[in-house]
Structure formats: structure tokens, C-alpha cells
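Chemist: One structure, as C-alpha cells, below. Some questions next.
The values are calculated or read from the model by the stated rules, or taken from the named source; none is laboratory data. Bear in mind that the values here come from a model prediction, so they are computed numbers and not experimental data. Every residue, glycine as well, gets a Cβ built from its backbone with ideal geometry; the counts of neighbours run over all protein chains shown. Calculation scope for accessible area: heavy atoms of the full protein, side chains included, ligands and nucleic acids excluded. Shrake-Rupley method; radii C 1.70, N 1.55, O 1.52, S 1.80 Å.
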Amino acid sequence: MTILTTIAKATAAAATIGAAVWAYGYATAPAYDGNAGIAYGSAYAPIRDTDVDFHIWYPADPGGRAVTVGGNGVFFGTAAGRKAPHRAGRFPMVIMSHGAGGNAGQFGWIAQELAAAGYVVVLPNHPGTTSRNASAQAAVRVWERPADVSAVIDAIVAAPKDYPFIDTDRIAALGFSAGGYTAMAVSGARVDPDALQSFCDDGDHGMSDCAFLERGGVDLHAMDLSPAAQDLRDPRIGAAVVVDPGIVETMTADSLTAIEIPMLVINLGAEDTIPIGVYARPAAEMIPHADYTIVDDAIHFSFLAECKPAGAAILANEGEPDPLCDDAGGQPRSDIHAELKGLIVDYLDRVTW
């Protein structure tokens, strides 16, 4: 559930300015000559009684305009083709869930790679746990995020004329941190409400989540967390990849052993340094068709976009408690991303889903 609160501060001004000059920027942008297009959509989410916005990265031919997706004073964005022509064919869909306090724009580094490899990547922004729209109370309502994913799938499946390039018979889930929990939940993992209620009783699990909840005035024992126990499995999900899944230790053994789809579970960092709150080997060993691997010489925040030279200083000035721009020190984040790209694309290419 790691909360990237400072991202909201770093992106708010940029978003306001960006909206004002977007039309001019698009008109003057150079022609796009790559293979990953970007589009945007929204879907009504009944659990929220409002729309959930999402990004769509798709296999493209050169054309349209070159734009930068995501990025701000802290993080680099990613190049994509706005209004780039779709590559001919229908492509499997990967629906991807960001971490709490993050946003869809931070994950262009993997979405671009997947689109180039022949996947359509759909990235919802989860209300209540997205940059510029995040709160401690919303972060605890973990069951809302899987419902967002299913709502977006519902909208896409119901509109084949709008999405003729998506093969909706082949859908995989991908998630990082709180998004890793989300991907596991739509795959069939269920949370023990009692374990979630006592999550902060015995320490912070090596993360800053419990401190964030305390600052937000959240008392887990005073909340009704029974909805966390519900079965949120979406039967349209045929495979999953999860990276450093949040609240993994609260998931029930019965639900993990009942997961039927193939799943790749990835932890970041040397095994003895992985925060217990996201340490997923025990869970992976209970899932019948799961593979488990570790990306060494990394930390939990290595899945975020690459930081700009001034990024760490900006975060420090804002009082961010987490080392969002740090890695383990032995290799740059670009190399960690390259390893993750290889693992994720190779896994989805070779498993049947």
C-alpha cells in the first residue's frame, strides 16, 4: 500500500500548466516514428459511482505526433505516439494497476515495451489512491481497486467497435505494490479482514504505510474491513504478473491455493532485504501455477519511473519519507527496468492464457 504522497505535489502544477498548452504542444510536436501508441478512455465504476480514467498503450505503426506520457520535475516521462495508427491485428490485453499514490503515467517504461511486443496495455487511475487524489482512508479500502479493474474490462468488452484491436479473450493482469495486491485479487486472492485490521499492530513491516495511516487519522481497528474478504476474482483474467505485492501477508492460504491461472511473482532486492510487507515467496509457493523470482540489487521503489537529476532533492525538500529515487546502488534504475521488462514480456509470451 506504499503511499507516494509527494508525487501529488510534484505533479499538480505540471498538470495545470500541461492542460493549458496541450493543444499547442500537440500541433507542434514532431511526427512519431516509433511503435507504441497512446490513447485515453474512461469507464463507469459502480463501486465508486463515477468514472475511472485509463491510459491505453497499443501496438502502432509510425504516424501521429510524438508526445511524452507522464513525467514531472521528479520523474522522466516516456515517448509515445498520440493518434499513431494501430498496427494491423488484434492483440492480447494487459490491464495494469499502479501503486497507491502513483498513477498510470509513471509506467510508460513497461507499457511502451509491452506495446512494442504486441500487447495492448490498459492502465486505470484508481480514485482515492492516485496522484493528486489520494487519502489514507481510501488506501485502506483495498477492495475498491480490483473493482476498478473489472469495471474497465467491462467497458472494453462491451464496446468491441471502439476497441477492435483488442483480443478480449486474452487478458492478463499486471501490478506493482498495491497494484500487485490488485492483480492478485482479480486472480482470486482474498484478504483476511482480521489480518488487515491488525496490520499495523506489530510494526511497519519495513514500509511507511502504517505511519501514513497514522498521520491520516486512520485506526484500522475502528474500520469495517469485512469487504476485504470478498471474492474479487475476475474470470476473464487468464494470467498475472505481480511485483512486490502489497499486504501479501494478509492473503488467505485457502484462496492462494485455489488460484488456477499462471502467475509470475517478482520481488525486488536481495531476499534478506525485502520488506516483510511485500515479501511474496511464501504466497507464491502456495499458488499452484506460480513462478517466483527476485530482481537483485534493487529496492521496492525501483519499479517507479527513472528519476531526473534534481528529483531526489525535490522530494527531500517536500519532506518525502521514502527514498523514491534510490536503488540498491549497484546498478542504475534503467538496468533494473531492463531486467523487469525482459522477465515480464518473456513470461507473457511463453505462458498460455
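Chemist: Dipole of the chain, Cα-centred, from +1 at each Lys and Arg C-beta and -1 at each Asp and Glu C-beta, to the nearest 20 debye? Please list the in-between numbers first.
Modeler: Numbers: 21 positive and 43 negative charges, 330 e Å.
In debye, rounded to 20, the chain gives about 1580.
Chemist: Can you list the equivalent-ellipsoid semi-axes of the chain, largest first and in whole Å, using the square root of 5 times each Cα gyration tensor eigenvalue? Can you show the working numbers first?
Modeler: Numbers: eigenvalues 167, 114, 79 Å².
The answer is 29, 24, 20 Å, longest axis first.
Chemist: With the crude spin-label approximation of a point 7 Å out along Cα→Cβ, what separation in nm comes out for residue 353 versus residue 334?
Modeler: Simple spin-label model gives 2.9 nm for this pair.
Chemist: Now for a separate question. Where nothing but the Cβ of Lys and Arg (+1) and of Asp and Glu (-1) is charged, how large is the charge dipole of segment 180-260 around its Cα centre, in debye to the nearest 20? Spell out each step's value before the answer.
Modeler: Details: 4 positive and 15 negative charges, 81 e Å.
Dipole of segment 180-260, to the nearest 20 debye: 380 debye.
Chemist: Something else now. How large is log10 I(q)/I(0) at q = 0.15, 0.24, 0.26 Å⁻¹ when the Debye formula is applied to the Cα atoms of segment 229-307, each weighted equally and without solvent?
Modeler: Here log10 of I(q) over I(0) equals -0.54, -1.18, -1.31.
Chemist: Also: Please give the contour-minus-distance gain from residue 50 to residue 159: 0.36 nm per residue of separation, less the Cα-Cα distance, rounded to one decimal in nm. Write down the numbers at each step before the final one.
Modeler: Numbers: separation 109, 0.36 × 109 = 39.24 nm, distance 1.85 nm.
That works out to 37.4 nm of additional length.
Chemist: What is the ratio of the Cα radius of gyration of segment 164-314 to 2.2 N^0.38 Å, with N the residue count, to two decimals? Could you put the intermediate results ahead of the total?
Modeler: Numbers: Rg = 16.3 Å, N = 151, 2.2 N^0.38 = 14.8 Å.
My calculation over the Cα atoms of segment 164-314 gives 1.10.
Chemist: Report the relative contact order of the chain, percent, no decimals, based on alpha-carbon pairs under 8 angstrom and at least 6 residues apart.
Modeler: Numbers: 797 pairs, mean separation 58.9, N = 353.
The normalised contact order for the chain reaches 17 percent.
Chemist: For residue 226 and residue 291, what does the FRET efficiency come to when R0 = 35 Å and r is the distance between their Cβ atoms, rounded to the nearest 0.05?
Modeler: Working: r = 32 Å, r/R0 = 0.93.
E between residue 226 and residue 291, to the nearest 0.05, is 0.60.
Chemist: A further question follows. Show me 46-54, 188-196 ranked by packing, highest mean number of other Cβ atoms within 10 Å first. Walk me through the numbers before you get to the answer.
Modeler: Numbers: 46-54: 15.6, 188-196: 20.6.
Put in order of decreasing packing, that is 188-196, 46-54.
Chemist: Still on this structure, I have one more. Find which of 94, 228, 275 sits farthest along the positive direction of the dipole of the chain, computed with +1 on the beta-carbon of Lys and Arg, -1 on that of Asp and Glu, about the Cα centre.
Modeler: Selected residue: 94.
Chemist: Just to compare against my own numbers: the Cα pair-distance distribution for segment 79-213, 10 Å bins, whole % per bin, please.
Modeler: Per 10 Å bin, starting at 0, the Cα pair percentages come out as 11, 38, 32, 13, 5, 0.
Chemist: Which residue, 218, 243, 160, has the largest displacement toward the positive end of the dipole of segment 125-272 when charges sit on each Cβ (Lys, Arg +1; Asp, Glu -1)?
Modeler: Towards the positive end, the residue furthest out is 160.
Chemist: Also, I was wondering about something else. For the chain, build the charge dipole from Cβ charges (+1 Lys, Arg; -1 Asp, Glu) around the Cα centre, then report which of 253, 304, 56 sits farthest towards its positive end.
Modeler: Working it through, the farthest residue towards the positive pole turns out to be 56.
Chemist: Could you tell me how far the Cα centroid of segment 191-244 sits from the Cα centroid of segment 257-302, in Å?
Modeler: If we compute the Cα centre of each part, the gap is 17 Å.
Chemist: At a 10 angstrom cut-off on C-beta neighbours, averaged per residue, how do the peptides 71-79, 306-314, 123-131, 230-238 rank from highest to lowest?
Modeler: Values: 71-79: 20.0, 306-314: 15.6, 123-131: 24.7, 230-238: 17.3.
Result, highest mean Cβ count within 10 Å first: 123-131, 71-79, 230-238, 306-314.
Chemist: Can you give me the solvent accessible area of residue 299 with a 1.4 Å probe, rounded to the nearest 10 Å²?
Modeler: Probe radius 1.4 Å; accessible area of residue 299 about 40 Å².
Chemist: Further, regarding this structure: Can you tell me which of 329-335, 171-177 comes out highest on packing, and rank the rest after it, using the mean Cβ neighbours within 10 Å?
Modeler: On the way: 329-335: 13.4, 171-177: 28.9.
The densest-packed peptide leads the list: 171-177, 329-335.
Chemist: Per residue of segment 344-349, what does 6.51 cos²θ - 1.76 cosθ + 1.60 with θ = phi - 60° give for ³J(HN,Hα)? Whole Hz please, x for Gly and Pro, Karplus curve as stated.
Modeler: Per residue, the Karplus-derived 3J(HN,Hα) values read 6, 5, 4, 5, 5, 5 Hz.
Chemist: With only Lys, Arg, Asp and Glu charged, each at its Cβ (+1 for the first two, -1 for the last two), find how big the charge dipole of segment 146-281 is about the Cα centre; round to the nearest 20 debye. Each step should come with its number before you reach the end.
Modeler: Values: 7 positive and 22 negative charges, 113 e Å.
With Lys and Arg at +1 and Asp and Glu at -1, about 540 debye.
Chemist: List the residues, sorted by chain then number, that are 5 or more residues from residue 96 or on another chain and whose placed amide H is less than 5 Å from its amide H.
Modeler: Distant-sequence amide H within range of residue 96: 122, 123, 174.
Chemist: Extending each Cα 7 Å along its Cβ direction at residue 40 and residue 201, get the distance between those two points in nm, one decimal.
Modeler: Output for this residue pair reads 4.5 nm.
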